[in-house]
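The structure appears right after this line, and notes come after that.
We did not get these values from a lab; they are worked out from the coordinates using the rules stated. If you're wondering where the values come from, they're calculated on a predicted model, not measured in any experiment. Glycine also receives a Cβ, built like all others from the backbone with ideal geometry; neighbour counts cover every protein chain displayed.
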Ligand code: SAH
């Protein structure tokens, strides 16, 4: 069982998420437990203040380290600086470690529970990461208004690696970025109807020739657009007519 603890000022952001597959399945099978904590509850009197103006001046508000520490201590029942000794504790931050297939797998296999700290406004006081966290995670080179969307992405990608979480384990072996596809992006899929707006499903897929289908799929997996040195944007999918045809 892997336990996820998410600290946020927007706990509502996670309501639908725990009811959707694969997270709901992981929870009901006992593989995962998700606990969402409202940082506001640990804010300072009189108005549950969680943030303050930045030292040195400038716009925005910074979430206080003492508030985060109080939340961690209350939830885990130990000194806030010790929580990371037995758990993976990550701040969501635009400048964190890029979240990719490898990191999602690493977190899934770590054997430690995962704690995610979602910022808002200007983010956390720097001492949150330095003293209380294992590190920080970024879901991409852009700035969101809060860490909630990032936390949803992280938890969902981690849970998808749990054995049985997808119902069909085969769908995991040949997923985009997996070893089964040598880190490449999955080949295209088609279903009925066989022809739509003049575009037909590639003939090999309806041939019944499994070896040929496997060859076609290998030939039509493409390099990850996220790889360093990749040319940039993925090609526009024009309906498959520009795909390689395996002989
Ligand atoms: N002032 C910060 C941005 C704060 S954005 C800066 O310039 O770096 C507010 C919060 O949104 C952050 O604390 C973080 O938790 C979250 N966030 C924003 N973009 C993110 C990203 N790309 N990945 C992960 N978290 C992000």
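I need to check one value: relative contact order of the chain, counting alpha carbon pairs closer than 8 Å and at least 6 residues apart, in percent. If you can, show how the numbers build up before the last one.
Working: 376 pairs, mean separation 41.9, N = 247.
For the chain, the relative contact order is 17 percent.
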Quiz item: Which order, highest average first, do 114-127, 43-56 follow once you tally other Cβ atoms within 10 Å for each residue and take the mean per peptide?
Solution: 114-127, 43-56
Quiz prompt | In degrees, nearest ten, helix 148-159 long axis to first principal axis of the chain (Cα) | solution = 60 degrees
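Going by C-beta contacts inside 10 Å, put 64, 194, 222 in order with the fewest on the left.
Details: 64 21, 194 12, 222 18.
By the 10 Å Cβ count, ascending: 194, 222, 64.
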Quiz item: In whole percent, what relative contact order does segment 171-219 give with Cα contacts below 8 Å and a gap of six or more residues?
Solution: 23 percent
Quiz prompt | Gaussian network model of the chain, Cα within-10 Å springs - most flexible of 147, 96, 57 | solution = 57
Quiz prompt | Antiparallel content of DSSP bridges confined to the chain, in %, to 5 | solution = 25 percent
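How much of the DSSP bridge set in segment 62-205 is antiparallel, in percent, rounded to the nearest 5? Provide the component values of the computation, followed by the final result.
Values: 3 of 14 bridges.
Roughly 20 percent of the beta bridges in segment 62-205 run antiparallel, per DSSP.
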Quiz item: Pick from 211, 153, 70: which residue has the top mean-square fluctuation in a GNM of the chain where Cα pairs under 10 Å get a spring?
Solution: 211
Quiz item: Once the mean 1/r over all distinct Cα pairs of the chain is inverted, what Kirkwood radius in angstroms do you read off?
Solution: 20.6 Å
